[in-house]
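Where a number appears in this text, it was derived from the coordinates with a stated rule and is not lab data. As the structure is a computational prediction, the values presented were derived from the model and not from experiment. Ideal geometry is used to build each Cβ from the backbone, glycine not excepted, and the neighbour counts take in all protein chains shown.
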Amino acid sequence: MFKDIKQCWYISLNSFTNILSDPVFLILQISILFALALISSMPSFSFGESLRIIRDQNLALLFIGACLCGLIAVSLVVIRDLKQGAVAVLMSRPVSASWVIWGKYLGVALTIIVYTITAGIGVVWMTGLDAGLDSMNTRLDVISLILYFSSIAVSLLIVALKQYFFGGSFVWPSCVGLMIGMAIGFAIAALIKGEPGPYSTGFDWRTSLGVLLVIPGALIFVSILFPLAVKFDQSAVIGIGFIVFVTGLISKFIVDQLLPGLQGTWIYTTLGAAIPNWQVLWISDRLANPNPIDMGEFLPYIGHLYIHSFLYATIFLVIASILFNRREFSGNDTF
C-alpha cells in the first residue's frame with residue numbers, strides 16, 4: 001500500500017512539473033494577471049458600486065481561467081502522454097492504472113491550486129484599486145497598481161537571472177516564482193495601504209472567500225474531463241468540456257423547469273448533486289451584504305463543497321480508471 005501511494009505521489013509530482021514546464025501555462029498566468037488589472041482599472045459608471053463590479057468581474061474571470069487551466073493540464077498529462085507513448089512506457093512497469101489516473105489528477109489539482117493562488121491574490125489586490133474621498137468620486141491607486149506590475153516583472157526577472165547564471169529550466173520556476181512574488185508584493189501593498197482612510201479604500205478581504213470556492217468548482221470540471229481524455233482526442237474533449245461548462249451555468253434553471261414544485265425532494269436533491277452547478281460557487285450577493293459574514297455558517301458551507309468535489313472526482317476517476325484499463329497501449333500509441 002505504501003509503495004502504491006509513493007508511486008502515485010511521484011506520478012502526480014511528474015505531472016505537476018510537466019504542466020508547469022509548458023509555456024502555455026505561464027502565458028495563461030501572466031495573461032490573467034494583466035486582464036485583472038485591465039478590467040479593474042477601466043473607467044465606468046459604477047454609481048457607488050465599483051467594488052462590487054470589480055469583484056464580480058474578477059471572480060468570474062478567475063473561474064473561467066481556472067477551468068481553462070484544468071482543460072490545458074488534462075490535455076498535457078493525459079492526451080499528450082497517450083499520443084506520445086509515455087503512458088505505454090509507464091504501464092510497462094508494475095503500476096496500477098488507478099494510481100496512474102489518481103496521480104495525474106493530483107498533479108492537475110496542484111496546478112489549479114497554483115493558478116488560483118496566483119490569480120486569487122490579484123483578485124483581492126484589485127479590490128483596493130479605487131481610492132478617493134467618497135464612493136462617488138474615486139480615482140486609481142497608482143502606487144498599488146505600479147507595485148502590482150512590479151511584482152510580476154521582478155518575479156520573472158529573478159527567475160531569468162537564476163536561469164542565466166545557474167542554468168536549469170525557466171518556465172516552471174517562473175510559474176512558482178510568480179505565485180511567491182505576487183504574495184510578497186501583496187503583503188507590501190497591504191502594509192502600505194494600512195486601514196481604510198480618506199484616500200484609501202483598503203482591500204476587501206471577504207473576496208478571498210469567493211476565491212476559495214473557485215478551487216472545488218474547477219476540480220469538479222477537471223474530474224469530468226478525465227474519462228473523456230482517456231477515451232477521446234483533444235478536439236472532442238474541448239468541445240464536450242465547453243458543453244459541460246455552459247451546462248453548469250444553467251443547470252439549476254434546467255432542473256427547476258423540468259421538475260417544478262419538487263424543491264426539497266430527494267429527486268431534486270439527487271439531480272442537483274449529480275449535475276454540475278456553478279451557481280452554488282457564486283457568493284457575490286453575500287459578499288455585497290454590508291453585514292458581517294457568519295463564519296460559523298459559511299465555513300461548513302465551504303467544507304461541504306470541497307467534500308462534494310472530492311466525491312464527484314472519485315466517481316469520475318473510477319470511470320476513467322475502468323476506461324484506462326480497457327485501452328491497449330503501444331510505443332506509438334495514437335487515437
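Between residue 286 and residue 247, what length comes free when the chain is fully extended (0.36 nm per residue of separation minus the Cα-Cα distance, one decimal in nm)? Let's see the in-between values first.
On the way: separation 39, 0.36 × 39 = 14.04 nm, distance 2.36 nm.
Taking residue 286 through residue 247 to full extension adds about 11.7 nm, to one decimal.
Using θ = phi - 60° and the Karplus form 6.51 cos²θ - 1.76 cosθ + 1.60, what ³J(HN,Hα) does each residue of region 240-255 get, whole Hz, x for Gly and Pro?
Taking θ as phi minus 60°, the curve returns 5, x, 5, 5, 4, 5, 5, 4, x, 6, 10, 4, 5, 5, 5, 5 Hz for region 240-255.
Can you order the peptides 299-307, 101-109, 275-283 by their average number of other Cβ atoms within 10 Å per residue, highest first? Mind dumping the intermediate values first?
Details: 299-307: 13.3, 101-109: 25.3, 275-283: 18.2.
Highest to lowest by the protection proxy: 101-109, 275-283, 299-307.
Per DSSP H run of n ≥ 4, the term is -39500 (n - 2.57); total these for the chain, divide by its residue number, and report the mean residue ellipticity at 222 nm rounded to 500 deg cm²/dmol.
So the calculated ellipticity at 222 nm is -25000 deg cm²/dmol.
Using only the Cα atoms of region 2-325, build the gyration tensor, take square roots of its eigenvalues as a ≥ b ≥ c, and label the shape rounded, prolate or oblate: rounded if a/c is under 1.5, else prolate if a/b is larger than b/c, else oblate.
On the way: a/c = 2.28, a/b = 1.24, b/c = 1.83.
Here region 2-325 falls in the oblate category.
Return one number: the angle in degrees, 0 to 90 and rounded to the nearest 10, between the long axis of the Cα atoms of helix 171-193 and the longest principal axis of the Cα atoms of the chain.
Approximately 20 degrees, to the nearest 10.
Between residue 268 and residue 171, 0.36 nm times their residue separation minus their Cα-Cα distance comes to what?
Extra length from residue 268 to residue 171 when fully extended: 30.3 nm.
Could you go through region 112-128 in sequence order and give the Karplus-derived ³J(HN,Hα) for each residue, using 6.51 cos²θ - 1.76 cosθ + 1.60 with θ = phi - 60°, rounded to whole Hz, and x for Gly and Pro?
Residue by residue, region 112-128 yields 5, 5, 4, 4, 5, 5, 4, 6, x, 4, x, 5, 5, 4, 5, 5, x Hz.
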